[in-house]
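Participant: I'd like to ask you about the structure that follows.
Values in this text are rule-based calculations from the coordinates and carry no lab data. Quantities reported herein were computed from a predicted structural model and do not represent experimental measurements. Cβ coordinates were reconstructed from backbone atoms using ideal geometry, including for glycine residues, and neighbour counts include every protein chain displayed.
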């Protein structure tokens, strides 16, 4: 039996699909892995930080979206955390891909340093003084020793107290 044009068409379509799927499955470079996962982590951290601040508006307090005290620290934290997590994933990718530790130890070291600088919590936490006769609005509390220090004292001429 002779093949007709109609019977050849499906074979050509399947071979075209196979060649395009082979082109799409090209392995990623190390910088693509780093960029992709850093961008994903940055987005999660940045959106999460903005959402937490917006949530404070729903709980009754006015959210402060000041650039110097909110957006700039959030941006630095998100970039640092994104690069740190991106480097951790890149390190894992190197170990799995090559089965050796050639460049991996360098990336681990960089990831640990960036994680310690940007993601690890500070030794201090901040809380509001809830007492009726509070002399301080914001308290800085050392996490390990419990030492408390007044960061923002109550000023006698605040608009909230004068009304």
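Participant: Testing the spin-label approximation: label points 7 Å from Cα along Cα→Cβ at residue 26 and residue 117. State their distance in nm.
Facilitator: 3.3
Participant: Moving on. Largest first and to the nearest Å, give the Cα extent of segment 28-120 along each principal axis.
Facilitator: Answer, in whole Å and largest first: 54, 23, 19 Å.
Participant: Hey, another quick one. How would you order 108-116, 79-87 from highest to lowest mean count of nearby Cβ atoms within 10 Å?
Facilitator: Final packing ranking: 79-87, 108-116.
Participant: Still on this structure, please answer the following. Evaluate E = 1/(1 + (r/R0)^6) for residue 59 and residue 109, where r is the Cβ-Cβ distance and R0 equals 41 Å; express this FRET efficiency to the nearest 0.05.
Facilitator: Computed FRET efficiency for residue 59 and residue 109: 0.50.
Participant: Report the relative contact order of segment 28-120, percent, no decimals, based on alpha-carbon pairs under 8 angstrom and at least 6 residues apart.
Facilitator: On the way: 90 pairs, mean separation 32.4, N = 93.
Worked out over segment 28-120, it gives 35 percent.
Participant: Could you please rank 143, 53, placing first whichever residue has the fewest other Cβ atoms within 10 Å of its Cβ? Mind dumping the intermediate values first?
Facilitator: Working: 143 11, 53 15.
With the fewest neighbours first, 143, 53 line up as 143, 53.
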